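In what follows, a single structure is set out as structure tokens and then discussed.
No value in this document is a laboratory result; all are computed from the given coordinates. Source: prediction; values computed, not measured. Cβ sites come from the backbone with ideal geometry, for glycine too, and all protein chains shown count toward neighbours.
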Amino acid sequence: MIRKISWVFTLAGLVTASLYSVRVGAITLAIALTLYTIPDFRSRRTVEKLVPVALIVSLITVALALPRR
């Protein structure tokens with residue numbers, strides 16, 4: 001169920017980033033990626049945990065680094 005919600009967040013983030021605001025879209029995509037990786041995060045190896053965490057941090061960094069209008 002959580003993964004289906006994350007797909008909805010992903011679509012909303014992509015639409016938001018392309019039409020409205022890249023900042024809000026990046027944060028929405030970070031939330032979607034977090035929801036997608038939560039269910040089996042503990043059972044993954046350390047290397048497999050690193051990629052989603054790095055993507056989440058980079059999306060939030062992009063959202064914070066973008067200039068405000």
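Between R68 and R3, what FRET efficiency comes out of the Förster formula 1/(1 + (r/R0)^6) with R0 = 30 Å and r the beta carbon distance, rounded to 0.05?
0.40
Taking 8 Å as the Cα distance limit and 6 or more residues as the minimum spacing, I'd like the relative contact order of the chain as a percentage.
On the way: 66 pairs, mean separation 23.3, N = 69.
In percent, rounded to a whole number, it is 34.
How much FRET efficiency would the formula 1/(1 + (r/R0)^6) give for L19 and D40, where r is the Cβ-Cβ distance and R0 is 25 Å, rounded to 0.05?
Step by step, r from the Cβ atoms, then E = 0.20.
Given q = 0.20, 0.26, 0.28 Å⁻¹, what are the Debye log10 I(q)/I(0) values for the chain, with equal point scatterers placed on the Cα positions and solvent ignored?
-0.79, -1.09, -1.17
May I ask for the angle, rounded to the nearest 10°, between helix 2-19 and the longest principal axis of the chain, with both axes built from Cα atoms and the value confined to 0 to 90°?
For 2-19 against the chain, the angle is about 20 degrees.
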